[in-house]
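A short write-up of the structure that comes next.
Derivation of every value follows stated rules applied to the coordinates shown; laboratory data play no part. Please read these numbers as outputs of a predicted model, since none were measured by experiment. Positions of Cβ are generated from backbone atoms using ideal geometry, with glycine treated the same way; all protein chains shown enter the neighbour counts.
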Amino acid sequence: MGLSSSSKTRLLRIDWVVAGLLMSLCLHLVGCSTSGLNDVEKPTPDQSIVLGFIQVAPRGPYFRMHQTEASVRFFDVRNTNTEERTRVQMPEKAERFVTKLSPGHYELFRIQIGEGPFRSEAHVNMSFDVLAEKTNYLGVWRLQVDPPKTVRMLQWEVLVETSNFNPAQVLNRMLVDNLLEMSLPKPEFNQNRLFAVAPSQPRAKYFYRR
């Protein structure tokens with residue numbers, strides 16, 4: 001039995017809507033695949049690109065009301081030769097970072113974790129080198145965060161890649177023209193105390209740090 005002209009028109013409209021949704025999804029995925037890279041201008045002769053992945057997972061169940069998934073808000077590094085400090089901000093829920101640093105030896109000394117309205121920091125002591133005229137890859141930082149309790153720890157493991165994270169995902173030949181250089185932070189296994197920081201609660205001195 002044939003379809004009426006009105007039925008054919010409705011089906012044609014549905015096909016166009018579905019096609020439009022698929023096209024939007026494809027464009028969104030393409031945009032996500034290069035997010036973060038296009039925002040970084042090409043480095044000057046005295047700078048090098050530094051990139052890596054961060055994966056955060058809890059080590060136990062969370063019991064806080066309105067608790068959300070933990071993610072890295074920023075981390076701080078210091079050039080041990082010049083004492084210049086740089087804070088690398090992480091977009092919300094970001095799993096990779098791309099920044100520019102001057103060549104030299106660096107110490108990663110602070111990292112802040114966000115969990116909804118709560119903030120916590122760990123003071124770490126990890127080192128890596130940034131080489132001139134190279135794209136420096138800092139690997140995959142696999143972080144495990146203790147659930148909220150009086151004494152919280154942050155476990156840190158540095159890997160070259162995992163099944164979900166690898167250097168090819170962030171390389172953009174229009175931006176990165178230099179050779180990829182592995183520069184994994186040392187030590188590759190680390191554990192540090194997490195302290196609550198403002199505006200987190202509670203303010204008990206035992207586990208609150210300004």
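Full extension of the chain segment joining ASN164 with LEU131 gains 9.2 nm, where the gain is 0.36 nm per residue of separation less the Cα-Cα distance.
In a simple Cβ point-charge model (Lys, Arg +1; Asp, Glu -1; nothing else charged), the range 43-197 has a dipole of about 560 debye relative to its Cα centre. Spatially close Lys pairs in the range 43-197, defined by Cα atoms under 27 Å apart and a spacing of eight or more places or different chains, total 5.
From least to most packed, judged by other beta carbons within 10 angstrom and beginning with the fewest, TRP156, TRP141 follow the order TRP156, TRP141. Placing R0 at 45 angstrom, the Cβ-Cβ distance between THR44 and THR150 gives a FRET efficiency of 0.45 after rounding to 0.05.
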